[in-house]
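Enquirer: I'd like to ask some things about the structure below.
The values are calculated or read from the model by the stated rules, or taken from the named source; none is laboratory data. All figures in this text were calculated on a predicted structure; none of them were measured in a lab. Every residue, glycine among them, receives a Cβ derived from its backbone with ideal geometry; neighbour counts consider all protein chains shown.
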Amino acid sequence: MPATRWSAAACLAVFVSPWCLGAEFPQNRLECLAPADPGGGWDFTCRQFAASLRAAGVTDQSMQTINMAGAAGGVAFAHVVSKRQGNDGTVVAASSSNATRLAQDQYPGMSAEDVTWLGTLGADYAVIAVREDSPIASLPQLLDMLKSDVKSVKFAGGSGVLGWDQINLLRVLSQGGLEPIRDVVYLDFNNGASAITQVLGGHLDVVVGDISEVNAFREAGQLRVLAVLSDERLPAPLENLPTAKEQGIDVVAPNWRGFYAPAGLSDADKRFWIDAIDRVYASDHWQEIMQRNGLMPFHVTGQAFETFLDDQIDALRQTTRLIQQ
Amino acid sequence: MFDFLIQGFGVALTPLNLGLAFLGALLGTLFGALPGIGPINGIAILMPLAYTLGLPAESALILLAGIYTGSEYGGRMSSILLNVPGDAGAVMTTLDGHPLAKKGLAGPALGLSAVSSFIGASVAILGLTLFAPLLAIVAVKFGPAEFFALMIFAFASMSAMMGKDPLKTLIGAVLGVLISTVGVDSGTGVLRFTFDMPELYDGIDFVVMIIGLFAVSEILLMLEHAFRHDQDGEMAPIGRVMVKMSEVLYCKWAILRSSVIGFVIGVLPGTGASVASAVAYTTEKRISDHDNSFGTGNMRGLAAPEAANNASAAGSFVPMLTLGIPGSGTTAILLGALMLYNINPGPMMFREQPMVVGGLIASLYIGNVMLLLLNLPLAGVFARVLQVPRWLLVPSVAILAFVGVYQLHSDLMAIYLMLAIGVFGYLLRKFGFSLAPVVLGFVLGGLMEENLRRALSISGGDVGILFQSNLSIGLWIAAALVVLVPMFAGKLKAKFLPAAKPS
């Protein structure tokens, strides 16, 4: 029976560990809800996590990915809140997009407290980039241009209005002293690549996206990164990209990938999943997936994750208010 | 320069990959033929399977690409046989395909569409091989203003369809545009016509729309006939099964023109098979419909959209492989499949993953030949579907449609919506509306609005931006010509070519 085998192995592996004190293998069927259609980012998170669970030796059972698209994750969130309470076999792929939606009350009648936040498996940092031959050389210069004429620079991004890309941009601009930020011209496209194409074609000036979206175009010599919204410079080979922080604008925007679970889990259930995420993150299998997909190190679980998420939601909420005033 | 292709054929011609290409072609044909399943669902169903089976990236992509191109072939079957398009790109195929089947020419119609599909796809794959990196530059030139002008051109082309009843075509298109506005407005986040139902936030799904409009209304019509004890078997007996060479030759220019149109439109991100087949059909009607027989079973009216939708399927690989932009809903899922294999499409892909790109393109060549070989002999078999009594056939299709739509959304709301749209479609048909303009209005309307608003927010509300680039001016002129020329050409023709007779 896998449950006992796993517990025993876990206890052996680390002599006195919290899970010996009662992490329990889930009773319910293992399922990962992807709040998007196959092929989307959340679907990717689920499927790669499921594969890594086995590779990391957490379980030899297979975890099924269930696609539940709709309302930018709202359909799955509502489903978990109303129908899956206490289900210990279910995890749901999540990202900063959930934080944005929660900050803007776009899951009607629900809040972050209605689910159990488990942890993250890496992050994709937001970047601000221009065409290689653009006259804009740095973030301060961009801000100066905007301050003298807010319509002189036009932005493209892959998220909707008040979505992740736009909010990050506005956080940077308002931090840089631009006011009011409401008049900034931002156009949303269906995905990051489409937004980038618009900038390549010269239809728009600056693209806001995640480093994984931008990087191939940077390597091809078509885009130049003005600023990465990370705490420190990214690991090699991206160590030459300047952060916003070192240009005097302290905005950090990790687009994290992680999971939440239904509310009403016992501590033992919670511990099982947090430990599973820890072990997957530490596995070679996952590290390779991160490297190939441009995911950067970003691993917080349990209480630390909840604190981080509260802060992120707070920051997003404040920026949203600035625009909606 | 074509090393990657030679390498690619090396990859694609291994027994496993040949088998997968065949499997993909076969399954794709079936998925396309079954209304409601279509390429998006087909790939969505098989992608996780391919991944779980541990197929290498090239092999998985070959399988999925086979399904994609195969379903463009399959989509025509139910269009021709049942007047129910199997997928989005097959809507225009109903216009002349189904009348042909009613005349007893189901077999030749299926055969002709297979040949047209083959040629369309071949032209496009050749274009993909030769010009992909070059075409990426063209795709980049299309900003919001250019896309808006393109949509205007597409709407202008529709005026060619206004043959019998211009007013009803216009109303139909407007209704389609109206339906496209349901959902969260992308510009401002305002909810439009959602009636507080979260299920409507994302707008109305294309599959739900097509299946409701065509399949459900078809069933309702049949029910009505059954109630009134009408003669239901209006279908002519199946005569000849194979398409004649002379028929193919009669359509040769239609096919070639439409292949090019389909490819070019396929290359532009965000458009896809439905727009391509519509523009090809209407262009062909303009050029070669001398006796006003389009819509009543003209072979060219069938060949044009079929060549175009297959060409656009291959064309949409251009932005996907070179820029990482999905040119259609289906390529969006294919992109996801690539990412599952840790391959990030984009400008570096041709350089970094020549095996994958080459293997994919080579498999498109191979798959296309397989599809022709598979579909020509099957035309006769499939034509026999018509011998199944309609009271059995149509409900079976309906069940498949219901299952397909439900599996897409896992939500009963989608089914109710489909039924409501079905009743709406039934009423439209009773009032003598054609459904194709409604669908086109629906597809084009959303794209047109989105791009107009983007263009205007770039310019700060100045309409001048719509006429700034040569590309958009060209498209505006083309749109104007499409509407104006026939008005004068009709008169000129009557003067100079009194003896122009249909061949």
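Enquirer: Check whether at least one residue in the stretch A:211-229 is assigned to a loop (DSSP other than H, G, I, E, B) and away from chain B (no Cβ under 14 Å), and report yes or no. Step through it out loud before you land on a result.
Expert: We begin by selecting, within the stretch A:211-229, every residue assigned to a loop (DSSP other than H, G, I, E, B); these are A:220-222, A:229.
Remaining after also requiring away from chain B (no Cβ under 14 Å): A:229.
Yes, the stretch A:211-229 contains at least one residue that is assigned to a loop (DSSP other than H, G, I, E, B) and away from chain B (no Cβ under 14 Å).
Enquirer: Can you tell me how many residues within the stretch A:288-321 are part of a helix (DSSP H, G or I) and either aromatic (Phe, Trp, Tyr) or surrounded by fewer than 16 Cβ atoms within 10 Å (Cβ to Cβ) (or both)? Break it down into steps so the answer makes sense when it comes.
Expert: At the first step, the residues of the stretch A:288-321 found to be part of a helix (DSSP H, G or I) are A:288-292, A:302-321.
Narrowing further to those that are either aromatic (Phe, Trp, Tyr) or surrounded by fewer than 16 Cβ atoms within 10 Å (Cβ to Cβ) (or both): A:288, A:291-292, A:303-305, A:307-308, A:310-311, A:314, A:318, A:321.
Of the residues in the stretch A:288-321, 13 are part of a helix (DSSP H, G or I) and either aromatic (Phe, Trp, Tyr) or surrounded by fewer than 16 Cβ atoms within 10 Å (Cβ to Cβ) (or both).
Enquirer: For the list (1) at pLDDT 70 or above; (2) of a type outside the set (D, E, K, R); (3) farther than 18 Å from A:His285 by Cβ, I need the number of the one condition that A:Ala10 fails.
Expert: In the conditions (1) at pLDDT 70 or above; (2) of a type outside the set (D, E, K, R); (3) farther than 18 Å from A:His285 by Cβ, A:Ala10 misses (1) alone.
Enquirer: Taking the residues in the stretch B:309-343 that are among the polar types (S, T, N, Q), farther than 28 Å from A:Met290 by Cβ and not in a helix (DSSP H, G or I) as candidates, determine which candidate is farthest from the other protein chains (Cβ to nearest Cβ).
Expert: Result: B:Ser316.
Enquirer: Check the stretch A:200-210 and report whether any residue there is part of a helix (DSSP H, G or I) and more than 8 Å from chain B (Cβ to nearest Cβ).
Expert: Filtering the stretch A:200-210 for residues part of a helix (DSSP H, G or I) gives A:200.
Filter once more, keeping what is more than 8 Å from chain B (Cβ to nearest Cβ): none.
No, the conditions are met nowhere in the stretch A:200-210.
Enquirer: Given the criterion in contact (Cβ under 8 Å) with a residue 12 or more places away in the chain, among the acidic types (Asp, Glu) and in contact with a strand residue (DSSP E or B) (Cβ under 6 Å, 6 or more places away or on another chain), identify the matching residue among A:Asp165, A:Asp88, A:Asp114. Steps first, answer last, please.
Expert: Working: A:Asp88 fails: in contact with a strand residue (DSSP E or B) (Cβ under 6 Å, 6 or more places away or on another chain); A:Asp114 fails: in contact with a strand residue (DSSP E or B) (Cβ under 6 Å, 6 or more places away or on another chain).
Going through A:Asp165, A:Asp88, A:Asp114 in turn, the sole match is A:Asp165.
Enquirer: Test of understanding: among B:Ala136, B:Ala109, B:Ala132, which residue is in a helix (DSSP H, G or I) and within 14 Å of chain A (Cβ to nearest Cβ)? If you could, list the steps in order and put the result at the bottom.
Expert: Values: B:Ala109 fails: within 14 Å of chain A (Cβ to nearest Cβ); B:Ala132 fails: within 14 Å of chain A (Cβ to nearest Cβ).
Result of the check over B:Ala136, B:Ala109, B:Ala132: B:Ala136.
Enquirer: Turning to a different aspect of this structure: Can we say B:Ala478 is within 28 Å of the chain's Cα centre (by Cα), over 20 Å from A:Phe189 (Cβ atoms) and either surrounded by 12 or more Cβ atoms within 10 Å (Cβ to Cβ) or modelled with pLDDT under 90 (or both)? Give the steps one after another, and end with the answer.
Expert: Values: within 28 Å of the chain's Cα centre (by Cα): yes; over 20 Å from A:Phe189 (Cβ atoms): yes; either surrounded by 12 or more Cβ atoms within 10 Å (Cβ to Cβ) or modelled with pLDDT under 90 (or both): yes.
Yes.
Enquirer: Which of the numbered conditions does B:Gln407 fail, given that it passes all the others? Conditions: (1) surrounded by fewer than 22 Cβ atoms within 10 Å (Cβ to Cβ); (2) touching a residue at least 12 places away in the same chain (Cβ under 8 Å); (3) closer than 28 Å to B:Leu112 by Cα.
Expert: B:Gln407 satisfies every listed condition except (3).
Enquirer: Among the listed residues B:Ile43, B:Ile67, B:Ile80, B:Ile62, which satisfies the condition of being away from chain A (no Cβ under 14 Å), farther than 24 Å from B:Arg300 by Cβ and not acidic (Asp, Glu)?
Expert: Details: B:Ile43 fails: away from chain A (no Cβ under 14 Å); B:Ile67 fails: away from chain A (no Cβ under 14 Å); B:Ile80 fails: farther than 24 Å from B:Arg300 by Cβ.
Within the list B:Ile43, B:Ile67, B:Ile80, B:Ile62, the selection yields B:Ile62.
Enquirer: On the basis of being at pLDDT below 85 and not small (Gly, Ala, Ser), does B:Val241 make the cut?
Expert: yes
Enquirer: Same structure again: Return the only residue of B:Val260, B:Val279 being in contact (Cβ under 8 Å) with a residue 60 or more places away in the chain, farther than 30 Å from A:Gly41 by Cβ, of a type in the set (Val, Ile, Thr) and buried (at least 24 other Cβ atoms within 10 Å of the Cβ). Can you show your working first?
Expert: Working: B:Val260 fails: buried (at least 24 other Cβ atoms within 10 Å of the Cβ).
Within the list B:Val260, B:Val279, the selection yields B:Val279.
Enquirer: Check every one of the strands (runs of 3 or more DSSP E) wholly within the stretch A:91-196 and list those with 2 or more residues that are within 14 Å of chain B (Cβ to nearest Cβ) and of a type in the set (Gly, Ala, Ser).
Expert: Details: elements: A:115-131, A:154-157, A:185-188.
Of the strands (runs of 3 or more DSSP E) lying wholly inside the stretch A:91-196, those with at least 2 residues that are within 14 Å of chain B (Cβ to nearest Cβ) and of a type in the set (Gly, Ala, Ser) span A:115-131, A:154-157.
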